[in-house]
Every structure is written in structure tokens, then in C-alpha cells.
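The values are calculated or read from the model by the stated rules, or taken from the named source; none is laboratory data. Since the structure is predicted, the reported quantities are computational estimates derived from the model, not experimental observations. Neighbour counts are summed over all protein chains in view; Cβ atoms, including those assigned to glycine, are modelled from backbone coordinates with ideal geometry.
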Amino acid sequence: MAFTQSMAVQSERYKDSHLEVDFSHSAAALDSRRMVLTRKEYELLALLVQNAGEIIPREALLWRVWGYSNQIRTRTLDVHIRRLRKKLGDYSSQYIETIFGIGYRFQPFRAPRAFQDFTAVA
């Protein structure tokens, strides 16, 4: 997997048409409204966003956010993902993808493409 343990921040901010994450101020906003996140929810969101497009294994998320080893069986990650999805509202399925049996992946928002009908050209 392409997930690297040395997570270097490429930028101090992530921004698309709905979500903005300011890594230098540990803040996030959805549709220009500040999201109220717990520290762990923010850390989880930031880790996913900073590795956008990459599948991050459960074990890596548990270790990086909570310091748990892979021997600990916990549902903490699932509970926090569920809370993040609730706070992301209608965009949650676009942003956070579950890779069953492996982990999670953050996908940047992509607006639906408008369909143009070229058959009506006169």
C-alpha cells in the first residue's frame, strides 16, 4: 500500500467546493460553516485528507490517531468514522469510502458533470 508512515503535509490547507481543512489551525469547515469536531475526530479527518486517494489500513489509523497497536481489538475507529460521516452530512459518502476488510479512503469532492445534448444542434 502507498500509505507512508512519515506523513508530510504538502500544504497547510485542503479546500474543495464544500470542505476546507486548515492543518495549521486544526480547523475544518463544511460549506463555509465551522465543523465542531472532537480532537480525535479532527485528527482522523486530517489524516484521511492529507492522504487523499490512498487506502489507509485500519491498523495505521488506530496507531496514528490513538496509539493503539494491532493487537488491540476496538470499535473506536468505526464509531469515530460514523460520527465524522454524520458531521459531513450529505457529502459523507462522497468523502469517506470504506474499503471492507482493509480500511478507509478519503476522496476529494467531485461535482457531477453536466450532460450536454449535442444531438439538438441545428
Original post:
Would region 71-82 turn up any residue that is closer than 22 Å to Arg110 by Cβ, of a type outside the set (Phe, Trp, Tyr) and modelled with pLDDT of 95 or more?
Top reply: yes
Subject >> Any chance Tyr104 is modelled with pLDDT of 95 or more and farther than 21 Å from Asp31 by Cα >> reply: yes
**OP:** Output the qualifying pairs, or none if there are none: Cβ atoms under 8 angstrom, residues six or more apart or on different chains, first residue in region 79-103 and without any contact (Cβ under 8 Å) to a residue 60 or more places away in the chain, second residue loosely packed, with under 14 Cβ neighbours inside 10 Å and part of a helix (DSSP H, G or I).
**Re:** Arg85/Ser93; Ser92/Lys86
